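Here the structure comes first, spelled out in C-alpha cells, and everything after it is commentary.
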Amino acid sequence: MSSAPVVRASFAAADYVVFAFMLAVSSAIGVYYAWTDRGLRSSDDFLTGGRRLTALPVSLSLTASFMSAITVLSNPAEVYRYGASIVFYSLSYIMTMMVTSEVFLPVFYRLSITSTYEYLELRFSRATRLLGTILFIVQTILYTGIVIYTPALALNQVTGMDLWSAVISTGVVCTFYCTMGGLKAVVWTDVFQVGVMLAGFLSVIIHCVVIKGGVGPIISDSQHGGRLDFWDFDPNPLKRHTFWTVTFGGTFVWVSIYGINQAQVQRYISCKSITHAKLSLFINLIGLWCILLSSVFAGMCLYSVYKNCDPWTTGMVSAPDQLMPYLVMDILGDYPGLPGLFVAAAYSGSLSTVSSSINALAAVTVEDLIKPHMRVSEKKLSWISKVLSFLYGALCIGMAGLASLMGGILQATVSIFGVIGGPLLGLFSLGILFPFANSKGALSGLASGLVVSLWVGIGAQIYPPPPTLSRPLSLTTEGCNLTALDSLNRTSTVSPTRMSHIAASPAQLGHARLSGHPFWRAFCFVFLLIFSPFARNLLADNWYSLSYLYFSPLGTITTVTVGLLISLVTGGWKRKVESRLTLMKRDTTLFCILKALKDRLMTRAANPDPTQGKKKHPGNINPVFCDIELDYMK
C-alpha cells in the first residue's frame, strides 16, 4: 500500500444486502413500537415515550444523536491531516456531562417540560420562547438536510453507490420509523445504529492492523508522521487546535448540545427518574469515548496506509471526507459485504442524527407553536405529532436536494448554525444561574451574543487564518506509482490545506469556509464595511483568526455579560423568581453528599457510643497486677 491505486471497485450485491438489512431493521423497530404502543394515544407518549425509559437505551441514544455519518467520515480525515489532538475531546465530554447533570438536567426534569424552549417563557417571556424555537427549527432543518446529503455525496464519488437512491432511502426510512414509533422507536434504533457504527469502524481497523502487521507499526508511522504530537499547551486562542481550544472550547460546544439542545434534553427527561436521567448521561460517556477513539485510530490507520502516497494530493479523491470510503474500497473491496458494513455504519450515523432532529422538531412545534394557541385533545395532538414527523422528514429530504444546488450558501449556513449554539447556551445559563436576570436582559444578551458570534464567524470566512495557525501536517506523494496515474499532472500543485466541501461535526461547524458564492461575498462585504480600514491588519490577523472552537464560548460569555448588565440596569435585582426555575442547592450532587455527611455526624452526636454508660465487667483481676496500692493491714 505504498502507492495510491486508482480504486475502481464498486458495490457488490452482498454490500447492498448489508446496507438494506440495516435499513430494514431500523424500519422494523418503528413498526414494532407502533404496534405495541397502539393503545397509547397522548402526544406525551409519542414525543417522550411516556417518560418511562431507562438509563441504558437512553444513554446509547444520546451517543448516537450527534455522532453522525459526518463524524464517521470527518474525524479520521481530521487525524490524517492535522493529527490526533481531537482525542482531547474525551476530556471535554467529561466536563460536559458534569455540567449538564449538575446544572441543566435538574431544572428541566423538575419542570417536566417537553420542549426546552418552554422554559424560556416560564423564566422570561413568550417572545424569548418564540425566538428560541424559530432559531432551532430553521437551523435544524438546514443541518439535517446537509447530514443526509453530504455523506451520500462522499460515498457516491468513491464507491459508485447511487447518490439519490441513498439520499431518498435514508430520508424515507428515517421518516417512517419516526412517524410510526415516536421517541421509543428513535431511541431503540439509535441503540442498534451505535452497534453498526462501531462494527463498521472495527472492520476497517482490524483489516488495517492485519495489513500493517500489528498495532505497533501503525502507532510508529503516526508518531514519525507527527500525527501523535498533540501535547500543545500554547494558550494562544488563535491556534486552531491546542489542548486548551479542544478541552475548554469543546466543552462549551458540547454543553450547548447536551445541556440545552432539544434533541438531547428530550431524551434524558424521558427517563422514569432523575437518577436514571443522570446515569444515562454518564453511561453515554462510554459510547462517546468508544466512537471517538475508534475514529482517531481509524485516522491513524489511514495515515499509515497512505503515508507515502496521499490520495488527496494525487487527485484520487476530491475532498478529505472521501478518504475513509477510498480506504474501505481499497483494502476491503475484495471482501463482499465489508464495504457495505462500513457504508451502513456511515448511514447509521445519518439515521440517528436525522431521526433525533425530526422527533425534536415535532416536539417543539407541538409544544411551542400549537398547544399555546389551540385547544386540541390529546388524541388529536398525537396524530398531529405523527403528521409533523412525516412533514419534517419530507422537508429534510427536500433540503438535501437543495444542498446539492446551493452548496456555498449552505456551507455558510452550517457555519452560522455552529456559532448560534453559544448565544443560546448563554440565554439558558442566564435563566438558570442568575435569579435577577430579566426578559430585557435576556433578549439584549441574546442579540448581542448573536451579533458578536456572526461577526467573527463571517469575518473568518472572508479572512481565513494563515497556515501557521491552522497548521496542517505534511503529506507526500513520493511513494506513488505515477505510471498508473497518467491522467494526473505529475507536477500537481494541489495544496493539502484546501478545505473539505462536506459539513463538519457539531464541534467543527464554525470551520467551514465559503466557496465564493457572490451573494454571500456581497453580504459579508457590507457587514464588514465599517471595519474596512482595520480589517486586513488588526481584525484579519487577530480577531478573525480566532480558533473556531472559541466561537461558542465567545457567544456564551457575551450573552451572559450583556444580559446581566441590562438586567441590573432595568431593575432585575428587585425581581423575585420562582425557585423551581433556577438551580437550587439541593439539585447539586455536592450538596447531597455534604448533607449526607452532616446528617451522619449529627446522628453520631445525638447517639454517642452505645458502650458508654453501661456497667463494665472487668472480670477477675489478679491483685498482683493491679496498679492500686492495697492496704493489707485492714
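The values are calculated or read from the model by the stated rules, or taken from the named source; none is laboratory data. Here the structure is a predicted model, which means the values were calculated and not measured. Note: ideal-geometry Cβ built from the backbone for every residue, glycine included; neighbour counts use all protein chains shown. To get the accessible areas, we keep the full protein, side chains included, count just its heavy atoms, and leave off ligands, DNA and RNA. Shrake-Rupley method; radii C 1.70, N 1.55, O 1.52, S 1.80 Å.
Kirkwood's formula applied to the C-alpha pairs of the range 61-108 gives a hydrodynamic radius of 12.6 angstrom. Extension gain for Thr476 to Cys290 (0.36 nm times residue separation, less C-alpha to C-alpha distance): 63.9 nm.
Length gained on full extension, Met98 to Tyr335: 81.0 nm, using 0.36 nm per residue less the C-alpha separation. Counting only the Cα atoms, the range 174-312 fills a convex hull of 173 Å³ per residue.
Each residue, Leu111 and Val451, gets one label point 7 Å from its Cα in the Cβ direction; the gap between the two is 2.7 nm.
A P(r) calculated from all alpha carbon pairs of the range 293-343, with 10 Å bins opening at zero, reads 24, 55, 21 percent. The phi-based Karplus calculation (6.51 cos²θ - 1.76 cosθ + 1.60; θ = phi - 60°) puts the 3J(HN,Hα) values of the range 11-17 at 4, 9, 4, 4, 5, 5, 5 Hz, whole numbers, x for Gly and Pro.
Ordered by 1.4 Å accessible area with all protein chains kept, Cys592, Cys208 run largest first as Cys592, Cys208.
Each residue of the range 365-370 was assigned a 3J(HN,Hα) from its phi angle through the Karplus expression (A = 6.51, B = -1.76, C = 1.60, θ = phi - 60°), giving 5, 5, 6, 9, 10, 9 Hz with x at Gly and Pro. What separates the Cα centres of the range 96-171 and the range 239-300 is a distance of 14 Å.
Report the FRET efficiency, 1/(1 + (r/R0)^6), for Phe233 and Arg52, where r is their Cβ-Cβ distance and R0 is 51 Å, rounded to 0.05.
0.65
The phi torsions of the range 348-355, fed into the Karplus equation with coefficients 6.51, -1.76 and 1.60 and a -60° offset, translate into couplings of 5, x, 5, 4, 5, 5, 5, 5 Hz, rounded to whole numbers, with Gly and Pro shown as x.
So, R0 is 60 Å and r is the distance between the beta-carbons of Ser318 and Arg600; what FRET efficiency does that work out to, to 0.05? Numbers along the way, then the final one.
Values: r = 65 Å, r/R0 = 1.09.
About 0.40, to the nearest 0.05.
In this structure, the residue pairs whose Cα-Cα separation is over 18 Å, taken from Lys278/Lys386; Lys184/Lys371; Lys440/Lys574, are Lys278/Lys386; Lys184/Lys371. Computed over protein heavy atoms with a 1.4 Å probe, the carbon and sulfur contribution to the accessible area of the range 218-311 reaches 71%. Remark: spin-label model distance Val376-Arg580 equals 2.5 nm, labels positioned 7 Å along the Cα→Cβ axis. Rolling a 1.4 Å probe over the protein chains gives Lys212 an accessible area of about 50 Å². The calculated pair-distance distribution of the range 225-279 uses every alpha carbon pair, bins of 5 angstrom beginning at 0, and gives 4, 17, 17, 14, 12, 10, 10, 10, 5, 1 percent. Computed across the range 54-163, the Kirkwood radius stands at 17.4 Å (inverse of mean 1/r, all Cα pairs). Calculated FRET efficiency, Thr275 to Ala394, Cβ-Cβ distance, R0 = 45 Å: about 0.70 to the nearest 0.05. For Ala12, nonlocal amide neighbours, meaning residues 5 or more places apart or on other chains whose placed amide H falls under 5 Å from its own, are Gly337. The value obtained for the range 114-232, namely the Cα convex hull volume divided by the number of residues, is 198 Å³ per residue.
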